[in-house]
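Visitor: Here it is: the structure, laid out below.
The values are calculated or read from the model by the stated rules, or taken from the named source; none is laboratory data. Given the structure is predicted, the values throughout are model-derived calculations rather than measurements. In this analysis, Cβ positions are derived from the backbone assuming ideal geometry, glycine residues included, and neighbour counts consider all displayed protein chains. Ligands, DNA and RNA are excluded from the accessible area calculation, which covers all protein heavy atoms including side chains. Shrake-Rupley method; radii C 1.70, N 1.55, O 1.52, S 1.80 Å.
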Protein chains: 4
Amino acid sequence: MSLLSDRFDPGPQIAQCGSINLGTKSLEKSLSFFRDTLGMEEVERRGNVSYLRCYQELGHHSLVLTEQDEAIVNAYSFRVRRPQDVELFHDALKQQDIEVVEVPAGTEAGRGTAIRFLLPGGEHPFELYFDIDKPRAPEALRSRLPSNSSKRRGLGVRRIDHFNIQTSPSTINQAEQWVRDNLGFKRREFAYLPDQPDTVMASWMSVTPQVHDLAIVANRLDKKAQLHHVAFNLQDFSDVLTAADVIRDLEVSYGVGPGKHGIGQAMYLYVFDPGSDHRVELYAGGYLIFDPDWEAIEWKKENFPEGLTWYGDPIDTAPGSRGRDTTGSAGLRRK
Amino acid sequence: MSLLSDRFDPGPQIAQCGSINLGTKSLEKSLSFFRDTLGMEEVERRGNVSYLRCYQELGHHSLVLTEQDEAIVNAYSFRVRRPQDVELFHDALKQQDIEVVEVPAGTEAGRGTAIRFLLPGGEHPFELYFDIDKPRAPEALRSRLPSNSSKRRGLGVRRIDHFNIQTSPSTINQAEQWVRDNLGFKRREFAYLPDQPDTVMASWMSVTPQVHDLAIVANRLDKKAQLHHVAFNLQDFSDVLTAADVIRDLEVSYGVGPGKHGIGQAMYLYVFDPGSDHRVELYAGGYLIFDPDWEAIEWKKENFPEGLTWYGDPIDTAPGSRGRDTTGSAGLRRK
Amino acid sequence: MSLLSDRFDPGPQIAQCGSINLGTKSLEKSLSFFRDTLGMEEVERRGNVSYLRCYQELGHHSLVLTEQDEAIVNAYSFRVRRPQDVELFHDALKQQDIEVVEVPAGTEAGRGTAIRFLLPGGEHPFELYFDIDKPRAPEALRSRLPSNSSKRRGLGVRRIDHFNIQTSPSTINQAEQWVRDNLGFKRREFAYLPDQPDTVMASWMSVTPQVHDLAIVANRLDKKAQLHHVAFNLQDFSDVLTAADVIRDLEVSYGVGPGKHGIGQAMYLYVFDPGSDHRVELYAGGYLIFDPDWEAIEWKKENFPEGLTWYGDPIDTAPGSRGRDTTGSAGLRRK
Amino acid sequence: MSLLSDRFDPGPQIAQCGSINLGTKSLEKSLSFFRDTLGMEEVERRGNVSYLRCYQELGHHSLVLTEQDEAIVNAYSFRVRRPQDVELFHDALKQQDIEVVEVPAGTEAGRGTAIRFLLPGGEHPFELYFDIDKPRAPEALRSRLPSNSSKRRGLGVRRIDHFNIQTSPSTINQAEQWVRDNLGFKRREFAYLPDQPDTVMASWMSVTPQVHDLAIVANRLDKKAQLHHVAFNLQDFSDVLTAADVIRDLEVSYGVGPGKHGIGQAMYLYVFDPGSDHRVELYAGGYLIFDPDWEAIEWKKENFPEGLTWYGDPIDTAPGSRGRDTTGSAGLRRK
């Protein structure tokens, strides 16, 4: 008999930040950025839709680029822990009277059945799935390291890291509480709005030991639900510096960075996909939370600037001031 | 009603590799190494026992140095996920007729009640605990970053990372299977002995997304159960290079490294604590496993050398050959 | 017979940026910074004067800390190429009716006879010397690497790199031209004042393949001759990041950085010595100029911001605006 | 009147290691390596000859690839300090009865008149030139940084660094002495053969502050004059790690590294051009010598191993033993 008996059922759980489906006005420009500059593998192309993954991802894709008129986010997809968790979540959502759409297998290439719903309070399109193909890369790209699907190349993005989504200050509390209560995200670090001490300004949450797989941030400028950024992970701080050096010399709109967040202690660089104009964070390092009794860290107004930027290119979040990085991913950026 | 109902009980679980209690013949030399060179904080001293933690650890200690005649490992301690898991594990172990000793709160300073037993098949002393104090560092050492207990200093070890323990080839299969079945460790990467295809040579296992929190390796030379090494985590590959540069110039016995493992893809450097002569790995990077359906990677004989050393100073594991890093932590090393 | 006959006499030449003599109000605080935090060796102490060098410097000192009421720069010292060059420069300066003072051997400990004069147009006290002792470090500090005088420690400053001095816009042209004509410095990169196209705003000059051993910058705010900063060299970009991480957590006033200059392509971090309040640059990388026909690079107004900051924490030089890094080393800085 | 009068003539001088002309059996494979993997710019192609430069080189080329039957080195080219130095060296060589061939302008594309002779004692083909075109890169490749000829890409080699050539032990003393006496190279670090204490085993020499622009090493195995390696410079130690990570996964023969030399304190990685089978060193860091009275460092037998490898993958120079890196660039290497 094992100590860990089968009698225990943990219930449905989210396993990881899985993939994002980004609308882009120019698939060609977006591919040039994500595939040629960042070094992702284009695993499959179906008409005007391209599926890409990073060199350390074994699954079929973590990024879907869909050429369309409006560069919106089509879906934020999370992978669940067990095959049955898709249906278990489906049942539970219906019990909350949340509208759920079943997304048939193959709607995104290589992926099994998913469910789709709008984040309560946030209105962002979330999808949950378990099954995903794990295709081998073509021989020319394949790595000799079995934990890498393809050889490291370009700027070396190795996996998707997290989503940072913006929500109206009037609904952020509801959205943040909902993902904690219902999707199992734990609040790791957070801040309240300086002028509304009961309203979340930003919350970094995770289902993994990462400080965040998902952040929800109040959109004080536009009050809109939108993507702030999607982050891809690099190996080391030095890789972020190299990325900055290279990207500064390309026809790629440059945001803020490099710098080190106090919150999460990772290094950041924000740049914009030239096809979709969505903000992408190149991200490395950070601490991992293994303590099961982690107490969420609250950032007060006076320390918040160093929470955003412990060192390096400062992130300015005052709405409207310098305007740098205050808006969603169609926002202003450095020339 | 929440999607994640309280009706689900996951059972007792290990949360993390918690701490190691090392015997040392010279507390002074060991402190000089761990505290002054590596940069750990001495949180408490009780007679001839010193408690230390790294700058990113909030708990009371991850290393206990006990001055004693024999430099053995007194305990490998793992933290469980919930307070009740200590007792739940206790009950389950007794049902397997494993001898369990209750270790009263405070036996290790700052720690609550623990249970102690010998790893079946491995004979290593394991301890499980939940409660641990989280003392603030003295003001002079305290960091302004709330996720750091103290300021970064010395070579910048930031947390304990994993244990690598050796076991006789005749019992390794039993030991490895037991920790997987009973402590919830998942096999992530592994190899069989080249001449005994059913016997584990090495298995890297984790309860977290790390590739390993615990490795069990066959001791082909001495057939003894012993520590191969305890690893401490550094932020970046460059920090391992800096550590190598500095330590090469100190009166510290130098093992192998720096190099990058193919297995786990982390950078390694092995050095020896001058007080205890135990091998310590300074470790950075590596990939994280978020895939819930991860299939353990098997390393065959022909690729095993690049599994050990993808690049850098090669680890030689042929028993008796050059003798570098083949034995436990009282082993041979480079002059 | 050799191809390189003795008949050729290159005349007197400057070999290197040698050392700086800084006044400090608190020798204790300055030593804590330069010796304990940055990792310099205190080679000698004479009353209230301390002599320090970096771990890759074999000469007696590159920094003199003199406790005194006013934290001015007592001397910028350059080493000449040959013993006779001190006297040859002396003769040549007198022919220009420049007042020269002979500084007897031992006035700075470990140093031979020097000459001292005020930079024409700049008024900064320059000293030229050749002889300098090369003492071995005490055994506990001594490195096993013969090209290092001591073991690497602290933040790892390895040598003095350059001086950046400020001069009134009304005399900067004279000062800059004089050091080029008379001390053999070559202009490597430069800019004119945006509103005075014939007046140098900044000129980076060197006698070595470094882009600059000496920079002269117009002081538009105070119109005073003063030190902007003295730079110490670190091995890698990653060492500058580590320095930023550590110093942000200390009682050390933090200026701007890290970032990468477009001009010179080195990484910068500006911090302030807590004893003297002088600005110190921690500096790594950059390109070397081996082309004998190098043409000085002119930075026009529109590209100057990216010349100052190619990436990272932006340097703002608009006089009076945000005020960051616009003044000499008693200037404003980030809290 | 200037302090530095025109009356002083320093005589002819070497300014820098300029370029190497490598024979290759497969121009296609060599281009794939140097251009596509290392990131060099192909500036010009003339039939079966290709001219390349690194992203921080403004001159026309630092590497010439000539497709030919035998993968020998066609020329080691050094740039002189002044236009007239080509002829001054020509005259001086003739006075020593050394056979000199004039190489007309344009023989290597983009280069002016050169002279060619065999290194006395070494038999290596040396060429000296001054004039070289400085073409702008095509707009798509051009960098916005004026000190870079093109954008950083690939593994980011930024300039040629040095040559390491092998010579018979019976003539090495003559060759080494000759370049010091006649080309102005200074001996920076060196070792004698363990069994022949008057015979140079290796000498690292420079005309610049680098520890070496040229090394001459005794070829104890083949006794032949041949290239050991040509080195290209990377920005940081981390860039060498990235290069190792990437190249290990390519069809490129891998030699030794990464590791840090004690001699020169730079990081090394040896790989082999798949077209020519010549050894190429990817090289970063190292200390610079500004001291005009530098005393050459002698490495004794007992410390020589740590001179070769301070840390990292060890270089083994025992002739015939493991055979790693003991021979010229057609030598053995790791599979």
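Visitor: In the stretch B:171-187, how many are farther than 17 Å from B:Ala218 by Cβ and either touching a Pro at 6+ places or on another chain (Cβ under 6 Å) or basic (Lys, Arg) (or both)?
Guide: Number of matching residues: 1.
Visitor: Need at least 1 residues that are touching a Leu at 6+ places or on another chain (Cβ under 8 Å) and not hydroxyl-bearing (Ser, Thr, Tyr) per element, so show me which strands (runs of 3 or more DSSP E) inside the stretch D:1-114 make the cut, counting only ones lying wholly within it.
Guide: D:14-24, D:41-46, D:49-53, D:63-67, D:73-80
Visitor: Could you please let me know if D:Gln265 is of a type in the set (S, T, N, Q), under 30 Å from C:Gly59 (Cβ atoms) and either within 14 Å of chain C (Cβ to nearest Cβ) or surrounded by fewer than 24 Cβ atoms within 10 Å (Cβ to Cβ) (or both)?
Guide: Yes, satisfied.
Visitor: Mind listing whichever residues of the stretch B:242-262 are among the β-branched types (Val, Ile, Thr) and within 12 Å of chain D (Cβ to nearest Cβ)?
Guide: B:Thr242, B:Val246, B:Ile247, B:Val256
Visitor: Moving on. When only residues in the stretch B:268-285 that are open to solvent by 10 Å² or more (accessible area, probe 1.4 Å) and closer than 30 Å to A:Gln16 by Cβ count, which is nearest to the other protein chains (Cβ to nearest Cβ)?
Guide: Among them, the one singled out is B:Gly285.
Visitor: Of all residues being in contact with a Pro (Cβ under 9 Å, 6 or more places away or on another chain) and touching a residue at least 60 places away in the same chain (Cβ under 8 Å) in the stretch C:219-241, which is farthest from the other protein chains (Cβ to nearest Cβ)? Just the residue, please.
Guide: Only one residue tops the list, namely C:Asn219.
Visitor: If A:His60 meets every condition in (1) closer than 17 Å to A:Leu119 by Cα; (2) in contact with a Pro (Cβ under 7 Å, 6 or more places away or on another chain); (3) not acidic (Asp, Glu) apart from one, which number is that one?
Guide: (1)
Visitor: OK, next. When the residues of the stretch C:184-204 are narrowed to those that are open to solvent by less than 30 Å² (accessible area, probe 1.4 Å) and within 14 Å of another protein chain (Cβ to nearest Cβ), which ends up nearest to C:Phe33 (Cα to Cα)?
Guide: Among residues in the stretch C:184-204 that are open to solvent by less than 30 Å² (accessible area, probe 1.4 Å) and within 14 Å of another protein chain (Cβ to nearest Cβ), the one nearest to C:Phe33 (Cα to Cα) is C:Trp204.
Visitor: Continuing with the same structure: Are any residues in the stretch B:94-116 more than 21 Å from B:Leu52 (Cβ to Cβ), open to solvent by less than 20 Å² (accessible area, probe 1.4 Å) and touching a residue at least 40 places away in the same chain (Cβ under 8 Å), and if so, which ones?
Guide: none
Visitor: From the list A:Ile297, A:Ile216, pick out the single residue that is more than 14 Å from chain B (Cβ to nearest Cβ), within 22 Å of A:Glu176 (Cα to Cα) and either of a type in the set (A, V, I, L, M) or open to solvent by 10 Å² or more (accessible area, probe 1.4 Å) (or both).
Guide: Sole residue among the options that is more than 14 Å from chain B (Cβ to nearest Cβ), within 22 Å of A:Glu176 (Cα to Cα) and either of a type in the set (A, V, I, L, M) or open to solvent by 10 Å² or more (accessible area, probe 1.4 Å) (or both): A:Ile216.
Visitor: Please go through the stretch B:121-137 and pick out each residue that is modelled with pLDDT of 95 or more and of a type outside the set (Asp, Glu).
Guide: The answer is B:His124, B:Pro125, B:Phe126, B:Leu128, B:Tyr129, B:Phe130, B:Ile132, B:Lys134, B:Pro135, B:Arg136, B:Ala137.
Visitor: Here's a follow-up. If you take the residues in the stretch B:67-83 that are within 12 Å of chain A (Cβ to nearest Cβ) and surrounded by fewer than 21 Cβ atoms within 10 Å (Cβ to Cβ), which one is nearest to A:Asp291 (Cα to Cα)?
Guide: My answer is B:Arg81.
Visitor: If a residue must be surrounded by 21 or more Cβ atoms within 10 Å (Cβ to Cβ), within 14 Å of chain C (Cβ to nearest Cβ) and not hydrophobic (A, V, I, L, M, F, W, C), how many such residues does the stretch D:12-50 contain?
Guide: 4
Visitor: Looking at the stretch D:117-155 only, could you name the residues that are within 12 Å of chain A (Cβ to nearest Cβ) and outside any loop (DSSP other than H, G, I, E, B)?
Guide: If the condition is that a residue be within 12 Å of chain A (Cβ to nearest Cβ) and outside any loop (DSSP other than H, G, I, E, B), then D:Arg142, D:Ser150 are the ones that fit.
Visitor: Same structure, new question: Could you list all residues from the stretch D:84-104 that are facing chain C (nearest Cβ under 9 Å) and among the polar types (S, T, N, Q)?
Guide: Result: D:Gln95, D:Gln96.
Conditions tested, residue by residue: (1) surrounded by fewer than 21 Cβ atoms within 10 Å (Cβ to Cβ); (2) charged (D, E, K, R); (3) assigned to a loop (DSSP other than H, G, I, E, B).
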residue: B:Lys224; (1), (2), (3): yes, yes, yes
residue: B:His229; (1), (2), (3): no, no, no
residue: B:Phe232; (1), (2), (3): no, no, no
residue: B:Asp239; (1), (2), (3): no, yes, no
residue: B:Thr242; (1), (2), (3): no, no, no
residue: B:Leu250; (1), (2), (3): yes, no, yes
residue: B:Gly257; (1), (2), (3): no, no, yes
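Visitor: Restricting attention to the stretch A:51-66, which residues are within 14 Å of chain B (Cβ to nearest Cβ) and either closer than 23 Å to A:Glu102 by Cα or not hydroxyl-bearing (Ser, Thr, Tyr) (or both)?
Guide: Those that are within 14 Å of chain B (Cβ to nearest Cβ) and either closer than 23 Å to A:Glu102 by Cα or not hydroxyl-bearing (Ser, Thr, Tyr) (or both): A:Arg53, A:Cys54, A:Gln56, A:Glu57, A:Leu58, A:Gly59, A:His60, A:His61, A:Ser62.
Visitor: Determine whether A:Arg158 is basic (Lys, Arg), buried (at least 21 other Cβ atoms within 10 Å of the Cβ), in contact (Cβ under 8 Å) with a residue 24 or more places away in the chain and facing chain D (nearest Cβ under 10 Å).
Guide: no
Visitor: For the condition under 25 Å from B:Gly11 (Cα atoms), in contact with a strand residue (DSSP E or B) (Cβ under 9 Å, 6 or more places away or on another chain) and not β-branched (Val, Ile, Thr), what is the one hit in B:Gln235, B:Gln210, B:Gln226?
Guide: Result: B:Gln210 is the single residue among B:Gln235, B:Gln210, B:Gln226 that is under 25 Å from B:Gly11 (Cα atoms), in contact with a strand residue (DSSP E or B) (Cβ under 9 Å, 6 or more places away or on another chain) and not β-branched (Val, Ile, Thr).
Visitor: For the stretch A:300-310, which positions are at the interface with another protein chain (Cβ under 8 Å from one of its Cβ atoms) and either open to solvent by less than 10 Å² (accessible area, probe 1.4 Å) or touching a Leu at 6+ places or on another chain (Cβ under 6 Å) (or both)?
Guide: A:Trp310, the sole residue that qualifies.
Visitor: Taking the stretch D:178-187 as the region of interest, how many residues are touching a residue at least 40 places away in the same chain (Cβ under 8 Å) and over 19 Å from D:Leu288 (Cα atoms)?
Guide: Residues meeting the conditions: 4.
Visitor: Another question, if that's okay. Looking at the structure I just gave you, is B:Ile132 of a type in the set (Val, Ile, Thr) and under 20 Å from the mean Cα position of the chain (by Cα)?
Guide: Against the criterion (of a type in the set (Val, Ile, Thr) and under 20 Å from the mean Cα position of the chain (by Cα)), B:Ile132 qualifies.
Visitor: Same structure again: Assuming D:Arg53 fulfils every condition listed in (1) open to solvent by 30 Å² or more (accessible area, probe 1.4 Å); (2) among the charged types (D, E, K, R); (3) at pLDDT 95 or above apart from one, which condition is it?
Guide: Status for D:Arg53: all satisfied but (1).
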